[in-house]
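The next block holds one structure in the form of structure tokens; read it before the comments.
The values are calculated or read from the model by the stated rules, or taken from the named source; none is laboratory data. Nothing here was measured: the structure is a model prediction, and the numbers come from that model. All Cβ positions, glycine included, derive from the backbone under ideal geometry; neighbour counts span all protein chains shown. Surface areas here come from the heavy atoms of the whole protein model, side chains and all, with no ligands, DNA or RNA. Shrake-Rupley method; radii C 1.70, N 1.55, O 1.52, S 1.80 Å.
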Amino acid sequence: MESIVGQSFTTTTTTPRPTTPPVVYSCNKSSSCGCGQADVALVSSRIVGGTDAVPHSWPMMVSVRFDGTNSHSCGGTVLSKSYILTAAHCFDRGSSQYVPGVSVAVGMTNRWDPLQTIRYVDRVYIHPNFSNITNDFQHDVALLHVNQSFEFTSNSNVSKTCIHRVDPPLLPDQYPSNGTRLAVIGWGTLQQSGSTLPLILQQVQVFTIDNDEEICQYSIENPEIQFCAGLFEGGKGQYSIVYSTKYTYFSFMF
């Protein structure tokens, strides 16, 4: 080929970067919340894009669906046998109301898992102080009540999330400390302008960043009710801020 083309095809090899083993969180399976059949394994990455979650490692994750379809629209997490926590901007139609055609799917890592559990939402409670101002995300919280309770003891694929108690008024020392490892999980699009949703639940590890950092000042509207988190990239002092619309929720990894 080289004699015909008149060009050398000799290539040079590069030394591959050493791979970092995943950070594994062994969960106490006797706990009443937060544990799945498999332990969470977070792969270290410098790219905000996510990796496939270990099957059945996030049994509290919820896919919220609208208009009676199986299409994923928003993420959520199981709070109790009857309630789901999700984002208010997914509804934004008032509080404490019946919304027809809304369902939730739980108990799966793959959105097409035939063994997923389906429940229908019969009541929606939106935070009274939520506003739909673009990119505000203050009080972006909604609770969904399902028409049939979840069964935790008979279905090991479904679990409720663990909630850290917060005593009002919220004090700065009740936020996760700067540099705390967090996980962002969900079936949302992996790119801000993307439209394709992954079949497999995605996860990415990020870290809390001081709200006084310059890049955080453009993302935080109210430091009393919001904190900043992102991923350090390239060793250049730049962070990629993870917004709530890209994934779902922060899971605290102390």
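Note on residue 155/residue 195: beta-carbon distance plugged into 1/(1 + (r/R0)^6) with R0 of 35 Å gives a FRET efficiency of 0.60. Note on surface exposure: 163, 209 rank 163, 209 by accessible area, highest first, 1.4 Å probe.
Under 5 Å between amide hydrogens, built in the peptide plane, is the criterion, and for residue 159 it picks out 60 among residues at least 5 positions away or on other chains.
Residues whose amide H falls under 5 Å from that of residue 228, counting only those 5 or more places apart or on a different chain, are 209, 211, with hydrogens built in the peptide plane. Backbone phi angles across the range 111-121, fed through the Karplus curve with coefficients 6.51, -1.76 and 1.60 (θ = phi - 60°), yield HN-Hα couplings of 4, 9, 4, x, 9, 5, 9, 10, 10, 10, 8 Hz in residue order; Gly and Pro are listed as x.
Amide hydrogen proximity for residue 40: with H placed 1.01 Å from N in the peptide plane, the residues at 5 or more positions away or on another chain lying under 5 Å are 25, 27. Taking all protein chains together and rolling a 1.4 Å probe, residue 212 ends up with roughly 120 Å² accessible. Largest to smallest in accessible area, the residues 152, 91 fall in the order 152, 91 (1.4 Å probe, all protein chains included).
For the residues 227, 66, 150, a 1.4 Å probe over the protein chains yields an accessible-area ranking, largest first, of 227, 66, 150.
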